1. Any residue at all in region 119-127 that is open to solvent by less than 80 Å² (accessible area, probe 1.4 Å), touching a Lys or Arg at 6+ places or on another chain (Cβ under 6 Å) and aliphatic (A, V, I, L, M)?
2. Let me confirm something: among ARG41, ARG96, which residue is open to solvent by 60 Å² or more (accessible area, probe 1.4 Å), in contact (Cβ under 8 Å) with a residue 24 or more places away in the chain and of a type in the set (Lys, Arg)?
3. Determine whether LEU69 is closer than 30 Å to GLY99 by Cβ, over 27 Å from the mean Cα position of the chain (by Cα) and open to solvent by 80 Å² or more (accessible area, probe 1.4 Å).
4. Within region 55-91, count every residue that is part of a helix (DSSP H, G or I) and in contact with a helix residue (DSSP H, G or I) (Cβ under 7 Å, 6 or more places away or on another chain).
5. Give me the pairs: first residue in region 50-65 and open to solvent by less than 90 Å² (accessible area, probe 1.4 Å), second residue not β-branched (Val, Ile, Thr), beta-carbon distance under 7 Å, and six or more apart or on different chains, which are they?
6. If only one of ASP139, ASP119 is touching a Phe, Trp or Tyr at 6+ places or on another chain (Cβ under 9 Å), closer than 30 Å to GLY62 by Cβ and either part of a helix (DSSP H, G or I) or acidic (Asp, Glu) (or both), which one is it?
7. What about LEU13, is it over 36 Å from the mean Cα position of the chain (by Cα) and open to solvent by 70 Å² or more (accessible area, probe 1.4 Å)?
8. Report, by residue number, each residue of region 132-180 that is under 11 Å from SER198 (Cα atoms) and either under 18 Å from the mean Cα position of the chain (by Cα) or surrounded by 18 or more Cβ atoms within 10 Å (Cβ to Cβ) (or both).
Amino acid sequence: RRLETTIRQRLELELDQKRAELEQESAQRIVAEQAMNRAQRLDAVGQLTGGIAHDFNNLLMGVSGNLELLHRHVVSDPKALKYVTRATLSTEKGIRLTGQLLAFSRTQRLNVSAVNLADTVTAAFELVGNALGPDINIDMQTPNYGLFVSTDPLQLEMAILNLALNARDAMPDGGWFTVKCSPTQPSVTPPTVSIHVS
């Protein structure tokens, strides 16, 4: 009887272990399937966004070209020149926005270059201001204008915007969104810049 009891206990223990392993594998499979579904949805959204952005960018290029030609003919008319200049600025913002959409959709290759960080932070400020709404205060401290970094400015702007959107969702009752930039110590090689977002 003692032997039978020992064998039965061992079998029950092994069965419990196998059951736990199966449950763990099942949970891992569910998580993996959910992650795959999310990735597929994001990929579909990215492809749709990229297609629309490409078409919209082509339209804006046509508008931009015609505005440039029109600009040459209205130089002597201050009022008309003012209207054309405003339309040109709006078109340039639209082209920049389509560039950001293309970066989001991952259909645009990285365009890494030496960029003035102050200009990039200022451009990100415009995006963040529109995204956060009136209940969230924004403190984006513009870095030293002579501070250049090697990066893709559109990707950096999108990264700050995504963090801002996460912050908005985390602060439904309002709050502060802060961005600070500071270079590392001169002794650090290669020199880098820290961008703190809170």
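1. The answer is no; no qualifying residue exists.
2. Of ARG41, ARG96, the one residue that is open to solvent by 60 Å² or more (accessible area, probe 1.4 Å), in contact (Cβ under 8 Å) with a residue 24 or more places away in the chain and of a type in the set (Lys, Arg) is ARG96.
3. It is true that LEU69 is closer than 30 Å to GLY99 by Cβ, over 27 Å from the mean Cα position of the chain (by Cα) and open to solvent by 80 Å² or more (accessible area, probe 1.4 Å).
4. The qualifying residues number 12.
5. Pairs found: GLY50/LEU102; GLY50/SER105; ALA53/LEU101; ALA53/LEU102; ALA53/SER105; LEU60/GLY94.
6. When all the criteria are applied, what remains is ASP119.
7. Yes, satisfied.
8. ILE138, MET140, ILE160, LEU163, ALA164, ASN166, ALA167, PHE177, THR178, VAL179, LYS180
The values are calculated or read from the model by the stated rules, or taken from the named source; none is laboratory data. Since the structure is predicted, the reported quantities are computational estimates derived from the model, not experimental observations. FYI the Cβ positions are ideal-geometry reconstructions off the backbone, even for glycines, and counts take in every protein chain you see. The area values use the complete protein model at the heavy-atom level, side chains included, leaving out ligands, DNA and RNA. Shrake-Rupley method; radii C 1.70, N 1.55, O 1.52, S 1.80 Å.
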